[in-house]
Amino acid sequence: MPNFITHQDWLAITPLLIAGGGALIVLLVDLLWPKHSPRAVSLAIGIGVLLAAGAFAATTYGRSYNAFNGGFMLGGFAVVFQEIIVLSAILSLSLFGTFGRDDRMAGITALLLWSTTGAMLMAGAANLMTIFLGLELLSLALYCLCGVADRAASQESALKYLILSSTASGFLLFGMALLFGATGSVTLASLMLPGLAANPLYWMGGGFFLVGIAFKLSLMPFHVWSPDVYEGAPLPVTAFMSVVTKAGTLAVFARFAYALPAGGKLLLPFFVIAGVSMIGGNLAMLAQTDLKRLLAYSGVAQAGYMVAALAGASALGMRYAIYYLAAYMFMNLGAFAIVAVLSGEREEGAQIAAFRGLGQRRPWLAAAMSFFLLALAGFPPTAGFLGKILILAATVNAGYAWLAALLIAGTAISLYAYFKVLRLMYDPHDQPAPGPRTSAPLAYAGAALCAAFVIIMTFYPLTPSNVLPLVK
Amino acid sequence: MALVLILLPIAAGCALFLLPRGERTISRLAGSAVAALTFVLPLVAQNGGEFSVRWLSRPFTAALHFAWTGPSLWLVLLLALCTYCAIVATNTAQNRSMIALLLMLEGCMMGLFTARDILAFALFWDLMLIPPFFALIEWGTHRDTAWRFLIYNFSGGLTLLLATAAFGVLSGSTDVIGSTHQFAGSWAPWIFAGFAFAFAVKTPLWPLHTWMPNTYAELPPPFVAVVSAVQSKAGLYGFIVIALPFLRTSMAEWRWLIVALALVSLLYGAFVALTQTDMKRIVAYSSLSHLGLIVLAIVSANPIAIKGALVYIVAHGLFSAALFLILGYYEEREETRSVLKLGGLGAVNPKLAGAFTIAALAALGLPGLAGFAGELVILTGVFRAGYFWPALIALIPIVIASAYMLRLLQDTINGPQLADIPQRRDLTFAEALAVAPLLAALLYVGIYPHALLAAVMH
């Protein structure tokens, strides 16, 4: 076993180094600029850095390399997740056009880049140490990001997130320790060892580990943090968090799940939780009056759909989970972009009531919002529709027909919640509520990009083939 | 070519939204031109407008595959004709929005009726719910109606989606409409149940019909003409092109349940139609009754009955579109839909009354008009298939149909004039232009149903 770091190892983490190092550049420019660097400069450097990281990651797509002795696995799986993470970071960053104080922009951009780095690390992490490293890097930066707005709610959100998420990290770490005790190794590959099933440490460790994962994925009943945190955090941060945390954690979960022999009995409760999330998340959406909370609960349910795709740990299931994740990214961030256009610094646009009569005031914006909500509900011709049918096919194929049935039931419920917003926008009996008329060209561009991809993905369903989460 | 049929109306509908809000003439002209084009295109284009592109290769093969062969052609023509008539009949301050939505509805349903792939079918199934939903939001009187319409039908869409996924996974391909192979296995009855639920909601069958009366009563006349005439046929069409060719044996396992529901719908619809006073509701419930007969024909799986079902699908489409348009004219003139407040209109506007009479007589199955041809062939087929008692029971609502349709005619056209309203003009030229094609088609199919039968069963 070689003990030194090779050239290949460095190459494998170059995208991470670009993103992480780019953050330093943003800060340095801010320091050298007379007073503070303007918002546009920070954002431009941030987006440029992310583009570079994404482009470099893309060049490694076909390669499969086991860097740092199995600590970081390069390959199609990691790259696809990294691309999704980078793209959502870019889209979220583009929403910052109208949020946050100018003088804090460099710091915000840097934190966002570090958070992205953490998530990218999670995408390739294949041993317990790197998983934790990635998760903490992602989370620590996010705690700060949640609190960057000058509102009490924002700071409250940061504190809540810090406390609850640290608890989850504790669970995860404890589970990891027990798993290490059971296998004597930190690599996920050691979970494949025969005879583990007889060891109670393995079951306990796996259980704690999965509780931590369920927490980060905000699956019911471990979701309680997400609506509060989403509501308080600045809008672009919420958008970022809703996709990137899920993407990173889903990658970790997939590596774990696919490493277990034949799917593993250990996972069955996890799929039950996914089923509960589909129903519960959608039910909870019905009661919301704040759009960010609504999207938080929607995220609970959508995470359930993605996990359901992995039931049975089939090769196809992984592809469809990724497909749905990408679809969710575009649908969800598209919706956030519209909210961002409607919101000023106080985020009054995030109230569902702010959408009253939008169809008359700003018909194109209303049409775009309807489109994203319909996509989230799974209406055709959107990637949400095709994603659902692919997940249904994968679950039926893997013998988890009950999950497919729950998905259908959950979707039926969700329809009512999404259409509640739609009705407000188009009801002619409602007087339009006055709203700010902001112009946010970047957010418009982001929304247009999202809409285009939601349609393109429906008719050209690219599901890359080498996306199995290798651990060895 | 089939793609043009789908995309042209949708694109035209979107384009109309660029016109100013109150615009009336251009949207009507452009809309009717587009609808007329979609009627002519399938008649002149060769080989069914075949269009196919691979869509999915895993977990099952699926294709964006469209064509208008077999029964599709008749539904495509019916849809284009009804849309044309509905657009010509549209005459309100919100012409632009209504015609735009009508065109979008047409495009979505064109996709449904030309789909050769079950997944594409499912896609358009959900999509076609959106234009009527917005129409109900915009012009309906109760908010709940739009919701009920959408929740019921989208639930059906979801079971359809699940059934499609299961069908695709187990049989390997959904690009199958137009072919025939029996799909067996322990899952088959449940897959059929998934499809059948969706189709039964859309048709509708009792007890899944509760969304229908309010929806039909509150949609503006041009819209309800298309929805009741064509969209309600989507479920029946689904039974014919999906359930019969692939899941006939599973359908046989459920047949008594379906026969029972069809008979209840037949009787229930007819009896409730007798008690209604709202003109649109009378026709709505009569629809429930008539479509129950078609379900009965399909579930008997007898080739003659299915031919009859196709004729009756077209016939029902023609007369219900005509009836709803004409009722719309009356509503516009009298500002009421209640038969209790009407009477003696035959003397005031005789041409309109004449058109009304033809449509109503077709609905009650007068020989020589399209309804009769369909009913007769269906009953013969159902009887031949060995469903003696169901066929006999199905005769009762046909008799009752005469009662409620004649009552509808008598209460409005005959009798004393109850109120004096100044704007009671007779059928205008534009209005006549909208209903004349429907009435002519009713007569043509009634006298020469073979034209339809021969083309459908080649």
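The values are calculated or read from the model by the stated rules, or taken from the named source; none is laboratory data. Computed from a predicted structure; not experimentally measured. Note: ideal-geometry Cβ built from the backbone for every residue, glycine included; neighbour counts use all protein chains shown. Accessible surface areas use protein heavy atoms only, side chains included; no ligands, DNA or RNA. Shrake-Rupley method; radii C 1.70, N 1.55, O 1.52, S 1.80 Å.
Would it be correct to say that B:Phe246 is surrounded by 24 or more Cβ atoms within 10 Å (Cβ to Cβ), touching a residue at least 12 places away in the same chain (Cβ under 8 Å), under 27 Å from B:Ala188 (Cβ atoms) and of a type in the set (Phe, Trp, Tyr)? Can you show your working first?
Numbers: surrounded by 24 or more Cβ atoms within 10 Å (Cβ to Cβ): yes; touching a residue at least 12 places away in the same chain (Cβ under 8 Å): yes; under 27 Å from B:Ala188 (Cβ atoms): yes; of a type in the set (Phe, Trp, Tyr): yes.
Yes: the conditions hold for B:Phe246.
If a residue must be under 17 Å from A:Leu462 (Cα atoms) and more than 8 Å from chain B (Cβ to nearest Cβ), how many such residues does the range A:390-402 contain?
Restricting attention to the range A:390-402, the residues satisfying the condition of being under 17 Å from A:Leu462 (Cα atoms) are A:390-391, A:393-394.
The next check asks that each one be more than 8 Å from chain B (Cβ to nearest Cβ); those that pass are A:391.
Residues that pass the stated criteria total 1.
Just the residues that are open to solvent by 10 Å² or more (accessible area, probe 1.4 Å), in contact with a helix residue (DSSP H, G or I) (Cβ under 8 Å, 6 or more places away or on another chain) and not in a helix (DSSP H, G or I), please, taken from the range B:81-98. Walk me through how you get there before you give the answer.
Of the range B:81-98, the ones open to solvent by 10 Å² or more (accessible area, probe 1.4 Å) are B:81, B:84, B:88-89, B:91-94, B:96-97.
Going one step further and asking which of them are in contact with a helix residue (DSSP H, G or I) (Cβ under 8 Å, 6 or more places away or on another chain), we end up with B:81, B:84, B:88-89, B:91-92, B:94, B:96-97.
Residues satisfying the conditions are B:Asn91, B:Thr92, B:Gln94.
State which residue pairs qualify: first residue more than 16 Å from B:Thr83 (Cβ to Cβ) and inside the range B:5-21, second residue open to solvent by less than 60 Å² (accessible area, probe 1.4 Å) and of a type outside the set (A, V, I, L, M, F, W, C) in any location, beta carbons under 8 Å apart, and separation of 6 or more residues or different chains.
B:Phe17/B:Arg96; B:Phe17/B:Ser97; B:Leu19/B:Ser27; B:Leu19/B:Arg96; B:Pro20/B:Arg96; B:Arg21/B:Arg96; B:Arg21/B:Ser97
Do you know which residues across the range B:331-341 are open to solvent by less than 10 Å² (accessible area, probe 1.4 Å) and closer than 13 Å to B:Asp411 by Cα?
Across the range B:331-341, the qualifying residue is only B:Val339.
Kindly evaluate B:Leu170 against the criterion of being within 12 Å of another protein chain (Cβ to nearest Cβ), in a helix (DSSP H, G or I), under 17 Å from B:Pro245 (Cα atoms) and modelled with pLDDT under 90.
Here the answer is yes, as B:Leu170 does meet what is asked.
This table checks each residue for (1) facing another protein chain (nearest Cβ under 10 Å); (2) more than 22 Å from B:Ile118 (Cβ to Cβ); (3) touching a Lys or Arg at 6+ places or on another chain (Cβ under 7 Å); (4) of a type in the set (Asp, Glu).
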| residue | (1), (2), (3), (4) |
| --- | --- |
| B:Glu138 | yes, yes, no, yes |
| B:Arg148 | no, yes, no, no |
| B:Thr159 | yes, no, no, no |
| B:Ala166 | yes, no, no, no |
| B:Val176 | no, no, no, no |
| B:His181 | no, no, no, no |
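Assess whether B:Ser338 counts as being within 19 Å of B:Ala270 (Cα to Cα) and out of contact with any helix residue (DSSP H, G or I) (no Cβ under 9 Å at 6 or more places or on another chain).
In short, no.
Restricting attention to the range A:373-387, which residues are facing chain B (nearest Cβ under 7 Å) and open to solvent by less than 10 Å² (accessible area, probe 1.4 Å)?
A:Phe379, A:Pro380, A:Phe385
Within the range B:133-157, count every residue that is open to solvent by less than 20 Å² (accessible area, probe 1.4 Å), part of a helix (DSSP H, G or I) and in contact (Cβ under 8 Å) with a residue 24 or more places away in the chain.
8
Within the range A:354-366, can you find the residues that are more than 9 Å from chain B (Cβ to nearest Cβ) and either surrounded by fewer than 24 Cβ atoms within 10 Å (Cβ to Cβ) or in a loop (DSSP other than H, G, I, E, B) (or both)?
The answer is A:Ala354, A:Arg356, A:Gly357, A:Gln360, A:Arg361, A:Arg362, A:Trp364, A:Leu365, A:Ala366.
Considering the range A:408-428 alone, what residues qualify as being hydroxyl-bearing (Ser, Thr, Tyr) and open to solvent by 10 Å² or more (accessible area, probe 1.4 Å)?
Scanning the range A:408-428 gives A:Tyr416, A:Tyr426.
Out of the residues in the range B:40-75 that are surrounded by fewer than 18 Cβ atoms within 10 Å (Cβ to Cβ) and hydrophobic (A, V, I, L, M, F, W, C), which is modelled with the lowest pLDDT?
For the range B:40-75, the residue satisfying everything is B:Ala45.
Looking for something open to solvent by less than 20 Å² (accessible area, probe 1.4 Å), in a helix (DSSP H, G or I), over 19 Å from A:Ala247 (Cβ atoms) and touching a helix residue (DSSP H, G or I) at 6+ places or on another chain (Cβ under 8 Å) - is there at least one such residue anywhere in the range A:294-304?
Checking the range A:294-304: at least one residue is open to solvent by less than 20 Å² (accessible area, probe 1.4 Å), in a helix (DSSP H, G or I), over 19 Å from A:Ala247 (Cβ atoms) and touching a helix residue (DSSP H, G or I) at 6+ places or on another chain (Cβ under 8 Å).
Could you tell me which residue of the range B:109-128 is farthest from B:Tyr329 (Cα to Cα), considering only residues that are open to solvent by 10 Å² or more (accessible area, probe 1.4 Å) and within 12 Å of another protein chain (Cβ to nearest Cβ)?
B:Phe124
Please give the number of the condition A:Ala405 fails out of (1) more than 8 Å from chain B (Cβ to nearest Cβ); (2) in contact with a helix residue (DSSP H, G or I) (Cβ under 8 Å, 6 or more places away or on another chain); (3) surrounded by fewer than 24 Cβ atoms within 10 Å (Cβ to Cβ).
Every condition holds for A:Ala405 apart from (1).
Within the group B:Leu78, B:Leu101, which residue is open to solvent by 10 Å² or more (accessible area, probe 1.4 Å) and over 30 Å from A:Thr395 (Cα atoms)? Working first, answer last.
Working: B:Leu78 fails: open to solvent by 10 Å² or more (accessible area, probe 1.4 Å).
Being open to solvent by 10 Å² or more (accessible area, probe 1.4 Å) and over 30 Å from A:Thr395 (Cα atoms) holds for just one of B:Leu78, B:Leu101, which is B:Leu101.
Assess whether B:Leu205 counts as being in a helix (DSSP H, G or I) and either within 17 Å of the chain's Cα centre (by Cα) or over 10 Å from B:Leu247 (Cα atoms) (or both).
Judged against the criteria, B:Leu205 is not a match.
Could you grab me the full set of residues in the range A:256-309 that are of a type in the set (Lys, Arg) and more than 27 Å from A:Leu333 (Cβ to Cβ)?
Once the filter is applied, which keeps residues that are of a type in the set (Lys, Arg) and more than 27 Å from A:Leu333 (Cβ to Cβ), the range A:256-309 yields only A:Lys265.
Looking at B:Leu267, is it surrounded by fewer than 24 Cβ atoms within 10 Å (Cβ to Cβ) and touching a residue at least 12 places away in the same chain (Cβ under 8 Å)?
yes
Scan A:Gly446, A:Gly435 and give me the residue that is modelled with pLDDT of 75 or more and away from every other protein chain (no Cβ under 14 Å).
Unique residue meeting the criteria: A:Gly446.
Starting from the range B:356-368, take each residue that is farther than 12 Å from B:Ala321 by Cα and list its partners that are of a type in the set (Val, Ile, Thr) and part of a loop (DSSP other than H, G, I, E, B), counting only C-beta distances under 9 angstrom and pairs at least six apart or across chains.
B:Thr357/B:Ile413
Could you tell me how many of the residues in the range A:305-322 are surrounded by fewer than 24 Cβ atoms within 10 Å (Cβ to Cβ) and not polar (S, T, N, Q)?
Result for the range A:305-322: 5.
Open to solvent by less than 10 Å² (accessible area, probe 1.4 Å) and in a helix (DSSP H, G or I): does that describe B:Phe223?
yes
Which residues, taken from the range A:108-126, are modelled with pLDDT under 90 and part of a helix (DSSP H, G or I)?
none
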